[in-house]
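To start, the structure itself, in structure tokens.
Bear in mind these aren't lab numbers, they're just calculated from the coordinates by the rules spelled out. Here the structure is a predicted model, which is why all the values come from computation and not from measurement. No Cβ is skipped: glycine too gets one built from the backbone with ideal geometry, and neighbour counts run over all protein chains shown.
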Amino acid sequence: MKKILVAILILGLIGVIGLNGVNKKIILSESEDIYCEVPLSVFSRYPAESFLIPIIILNKSETEKKITGIEFYKEDGTLILNKKIEEVVKGANIKISDDEIRNKIGLMIPDKEIVEKAMNLLEKAKILEKSDERNKKIESSWYLLTMNYKGKEIEDKEIRNLLPYFKILNYEITLEDLNIKIEPPDFINIKIKIIFLNPDNSTTSINKETTLFYLTSLPSQWGWYPGDGHMHTTYSDGGSTIMQRRDQAYNSGLKWIIITDHGWSYLINNWNQYKTDCTNAQNKTPNITVCPGEEIATSDTDSHYLSYKMDNCAPLLDHTYDRYGTIYWVIYNGLIGFIAHPYSTPYTWEDWYNYDAYINYDNSGPRGIELISGGYVISDTEIQDWDNFLKNHLSVTMKDSKHRFCVGLGNSDEHGYWPYLLYLGKKMTYIYTGSSSPPGTYRTGVYNAIERGYATASSDGSLLIHKITTGGTYLPGYYIKKSSAGSITINVYAKRVISQCDEATIKIVTIDGTLIDYISNQYEINKNYSIYVNRDIYVRAEITFYDSTNGYSYCFSNPIFIDFPPYGS
Ligand SMILES: [Zn+2]
């Protein structure tokens, strides 16, 4: 049956510029026999010097097609990059819409209203001179276009059948290729033309458009470095190689990453190569730290454990032990373990602790949990589990020579069978290493900060640091001895990843209660609070930034522990 090619309001953007650049219309179109996905936007942060553009192609027709070239243009038609290629795309012979394909690969693109809002902001930014007003519009547009991509649970067998038919192409456009002066924050719209050769030697092309955002560096404070402790590569079910993950992380402003592929037999059998790939990626200059880790599936339903510090340890095959056994294995081997996405398992994560042998072996409790994981941010009620846990094991923390506790992290769990960045460079953890330069090739700096909880979890790159400044300076994860009851000063520094905020809510949480402060119209906050302490306690902080255009940002800093006599109990 012959179908008429219908333009449906779904796929990538094809911008049509009216004469003289007036009235830019957005037309979203779908081709009948080619699924081609390009992200609506790609971003890099200063000082990165390139943009990484993934293109996903699926040939829906019966017959194979040949791609002969990919061309990149500026909006005015200037050619940026012309890649002659020869790629054969097998015909998958499926008659389904692009949306159904997205469903199968678990990719949710931003709603049409959000895309339009973002495009309107860019149109307004275009006619403005460089100013705070223009910067805000650019940042908002970036935020809307990048934060609203989501992953979705998928049926494994559905994707497995389709997988061999996907063609994934990755291109890098450098600032030099663009041949324009670009100072962060700024943007440039580009057009991408994918050229197919027909059997009769004529060519057909598919046109896509994307926006390249060049952003300022992430918020920073001395000794603090953003990174990500959970992501997948081609060693298990990730769509990018270890080196590509390094490049993506570097371009997003991250200073360290931990690769955590699944404990499938492929990873077990190629462990040495995996570690070599991490080291090679880490040695690429400028250095960012690239650590080998593993995500271990326990034999319990949907219960995954992240294992770090694996430089000198062989990996564990998935489903070898139940969750108690897996924790024991991690501790026994001197590694650091975190419960992955603790709210998507059928067990309460506190239940993971209940293991006698483990307690006898090392009484410091599970190393931690993910407070933020992929598209998920812990809720107000769920975070009480963490508080209860910290409280119930407070004496264990005080006793432990390293004063370890259940550390909260924010990780991307970047996943999937495609090279799209759903969460990498967005969900992150800031760690404090106490050094003026980022960890670079020094992995121990990363492991130590994570193990001790010198860390803050962030849903989008916003930064939060709380410090106790009475009698010294004490950061998240620190332990203080205090001899007598009295007031302490807590300094809260926070900066949102975009330079706007209607209202920020700061919470300072202790065993004795929560102090809540609302602050209007500030995206950078530096404020002192005073609380009275008279018994063993911990103090942690949270911030929520909100504005009506972009929505919410969340940060959670790890607790500071205050010990009263008798110390160490
Ligand atoms: Zn994972």
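On the principal axes of its alpha carbon atoms, segment 444-569 extends 51, 35, 21 Å, with the longest extent given first.
If you bin all the Cα-Cα distances of segment 142-224 at 5 Å, starting from zero, the percentages per bin are 3, 8, 11, 15, 16, 16, 13, 10, 5, 2, 1, 1, 0. Exposure proxy shown here: for Ser252, Ser395, the number of other Cβ atoms within 10 Å sets the order, fewest to most, as Ser395, Ser252. Mean projected area of the Cα convex hull of segment 494-563, taken over all directions, amounts to 4.7 nm². Think of it as helices only: each DSSP H run of n ≥ 4 in the chain is worth -39500 (n - 2.57), and spread over all residues that comes to -6000 deg cm²/dmol at 222 nm.
Global size of segment 218-459: 16.5, 46 Å for Rg and Dmax (C-alpha atoms, Rg to one decimal, Dmax whole). For Lys152, the aspartates and glutamates whose Cα falls under 17 Å of its own Cα, not counting residues fewer than eight places away in the same chain, are Glu37, Asp98, Asp99, Glu100, Asp111, Asp237, Asp302, Asp413, Glu414.
Packing-based ranking of 324-332, 221-229 yields 221-229, 324-332, ordered from highest to lowest mean Cβ neighbour count within 10 Å. Given +1 at the Cβ of Lys and Arg, -1 at the Cβ of Asp and Glu and no other charges, the dipole of the chain around its Cα centre is 1080 debye to the nearest 20.
Charged side chains reduced to their Cβ positions (Lys and Arg at +1, Asp and Glu at -1) give segment 173-280 a dipole of some 100 debye around its Cα centre. Sorting the segments 555-566, 301-312, 169-180 by their mean number of nearby beta carbons within 10 angstrom, highest to lowest, gives 555-566, 301-312, 169-180. For the chain, the alpha carbon positions stretch 86, 55, 41 Å along the principal axes, listed from largest to smallest. In the chain, a dipole from Cβ-located charges (positive for Lys and Arg, negative for Asp and Glu) runs towards its positive end, and of Thr514, Ala297, Gln500 it is Gln500 whose Cα lies farthest in that direction.
For the set Lys399/Lys482; Lys136/Lys191; Lys126/Lys191; Lys167/Lys208; Lys117/Lys167, the pairs lying more than 20 angstrom apart at their alpha carbons are Lys136/Lys191; Lys117/Lys167.
Take 336-346, 155-165, 98-108 and order them by the average number of nearby Cβ atoms within 10 Å per residue, most first; the result is 336-346, 98-108, 155-165. Stokes-Einstein at 20 °C, 1.002 mPa s, Kirkwood radius from Cα pairs: D for segment 394-492 in µm² s⁻¹? Rounded, D is 137 µm²/s. Given segment 13-215, what whole percent of its Cα pairs are spread farther than 24 Å? I get 45 percent for the Cα pairs in segment 13-215 exceeding 24 Å.
Using a simple spin-label model with pseudo-atoms 7 Å out from Cα toward Cβ, Leu515 and Tyr171 lie 5.4 nm apart.
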